[in-house]
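The values are calculated or read from the model by the stated rules, or taken from the named source; none is laboratory data. Remember, predicted model here, so these are calculated numbers, not experimental data. Note: ideal-geometry Cβ built from the backbone for every residue, glycine included; neighbour counts use all protein chains shown. Accessible surface is based on the protein model in full, side chains and every heavy atom, while ligands, DNA and RNA are left aside. Shrake-Rupley method; radii C 1.70, N 1.55, O 1.52, S 1.80 Å.
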Amino acid sequence: MKFKNTHKDHQVTDESIYQSRRKLIKAGLLGAAGLAASPAFSLTLPTTTDKNERFVIDEITREKDATTYNNFYEFGLSKSDPAENAHTLKTEPWTLEIGGLCEVQGKLDLQNLVNGINVEERIYRMRCVEAWSMIIPWMGFKLADLIKMCKPLSSAKYVYFETLYDPKQMPGQNGRSIPWPYREGLRMDEAMNELTLMAVGMYGKELPNQNGAPLRLVVPWKYGFKGIKSIVKMKFLDQQPVNSWQAIAPQEYGFYANVNPEVDHPRWSQATERRITGGFSLFNSRIDTQMFNGYGDYVADLYNGMDLTRYY
Ligand SMILES: Nc1nc2c(c(=O)[nH]1)N[C@H]1C(S)=C(S)[C@@H](COP(=O)(O)O)O[C@H]1N2
Ligand SMILES: [Mo]
């Protein structure tokens, strides 16, 4: 990837500068040229449209929290492991293999893909099964835009993803915590929903390895485990795939994984969440969890007539 940012650059970019830059982007005043001159991106970013202001909500989580409290079992089981260990992942060059029930098949160079697709900023609430939540400014493109490029056949009902499998770069894969490579999937209409993003950046710069560089899925109305990281493969299927968590504990983790305060995890309630915004404390900001993580207006129709207790 040709992102030019270095960590040093961003450490001097404090939150207020970030916020004001974000406002400029939103107002359409800072276009591709402005962003290219910033320390953050060398790729061409579009000015975001008015439409995206609908998604802007609440107080953004501190970047430090979002990049040091992670789940990425390829780099260890504890939340602090990915930030410490994910530097062994080599994200450049990176190819995405497209296959299955679609007309356009083969390997896509990620930089070429990013250069040819509309990348925008989306600020999303994120909710994890373990009941923590964050507000993250993602940079990404609509999965729908990529899917259209692949020309799926009418028989394609699901999209399936895989993370890189390389135990040399991802030492956690030497253990048997979950079946490798990490796997996820979406029903086609979920994948085509306007909220569903393929992220290549966050906080105005490229994704840190621990957050799933260089390409990860973001589905804000679902629990965090649906957001598969470091994706190398995308396949169109006529059958519902089994995701990695479902494979080990099907009674705890389903295919849909929609955020739902009324359907508890078998071992704990899902009615509230601990919002991590500025600073990290086990005691701050316990709030009520919203149905579909608050995105019901955009996604509730996808599940009309489905029993969400059964299809959890
Ligand atoms: N490849 C891979 N992707 C993954 C995981 C993982 O262990 N491996 N963990 C998932 C879980 S459980 C969560 S909550 C989110 C966490 O994303 P974040 O660290 O950016 O907050 O990534 C998801 N994607
Ligand atoms: Mo998670």
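Does region 155-265 come out rounded, prolate or oblate, given a ≥ b ≥ c as the square roots of the eigenvalues of its C-alpha gyration tensor, rounded meaning a/c under 1.5 and, failing that, prolate meaning a/b above b/c? Write down the numbers at each step before the final one.
Working: a/c = 1.36, a/b = 1.14, b/c = 1.20.
Rounded, because the longest to shortest axis ratio a/c is under 1.5.
Taking a straight Cα-Cα cut-off under 19 Å and skipping sequence neighbours fewer than 8 places away in the same chain, the aspartates and glutamates within cross-link reach of Lys235 are Glu97, Glu103, Asp109, Asp145, Glu162, Glu184, Asp189, Glu190.
Near the amide H of Trp132, within less than 5 Å, lie the amide hydrogens of Arg274, all on another chain or at least 5 residues away, with H placed in the peptide plane.
A Förster radius of 22 Å combined with the Cβ-Cβ distance from Asp301 to Ser154 puts the calculated FRET efficiency at roughly 0.55. Just the protein heavy atoms count here, and of the accessible area of region 155-238 at 1.4 Å, carbon and sulfur take up 49 percent. Site pair Ser285 and Glu194 shows an inter-label distance of 2.6 nm when each label is modelled 7 Å from Cα along Cα→Cβ. Placing R0 at 22 angstrom, the Cβ-Cβ distance between Tyr165 and Glu84 gives a FRET efficiency of 0.55 after rounding to 0.05. Residues whose amide H lies under 5 Å from that of Gly76, counting only those 5 or more places away or on a different chain, are Gly172; hydrogens are built 1.01 Å from N in the peptide plane. With a simple spin-label model that places each label point 7 Å from the Cα along the Cα-to-Cβ direction, the separation between Lys107 and Arg310 comes to 4.4 nm.
Using the 1.4 Å probe convention, the accessible area of region 198-241 works out to 19 Å² per residue with neighbouring protein chains retained.
Given charges of +1 on the Cβ of Lys and Arg and -1 on the Cβ of Asp and Glu, with all other atoms neutral, how large is the dipole of region 154-224 about its Cα centre, in debye to the nearest 20?
Details: 8 positive and 7 negative charges, 42 e Å.
The dipole of region 154-224 has a size of about 200 debye.
Phi angles of region 287-294 translate, via the Karplus equation with coefficients 6.51, -1.76, 1.60 and θ = phi - 60°, into HN-Hα couplings of 10, 6, 7, 9, 4, 6, 6, x Hz per residue; Gly and Pro are given as x. In order along region 267-273, the Karplus-derived 3J(HN,Hα) couplings, from 6.51 cos²θ - 1.76 cosθ + 1.60 at θ = phi - 60°, round to 10, 6, 6, 10, 6, 10, 9 Hz, and Gly and Pro are given as x.
Remark: region 201-208, residue by residue, has Karplus-estimated 3J(HN,Hα) of x, 8, 6, x, 8, 4, 4, x Hz, where x stands for each Gly or Pro and the curve is 6.51 cos²θ - 1.76 cosθ + 1.60 at θ = phi - 60°.
Taking amide H as placed 1.01 Å from N in the peptide plane, the amide H of His265 sits under 5 Å from that of Gln270, each at least 5 places away or on another chain.
For region 154-213, taking the reciprocal of the average inverse distance between every pair of different Cα atoms yields a Kirkwood hydrodynamic radius of 13.8 Å.
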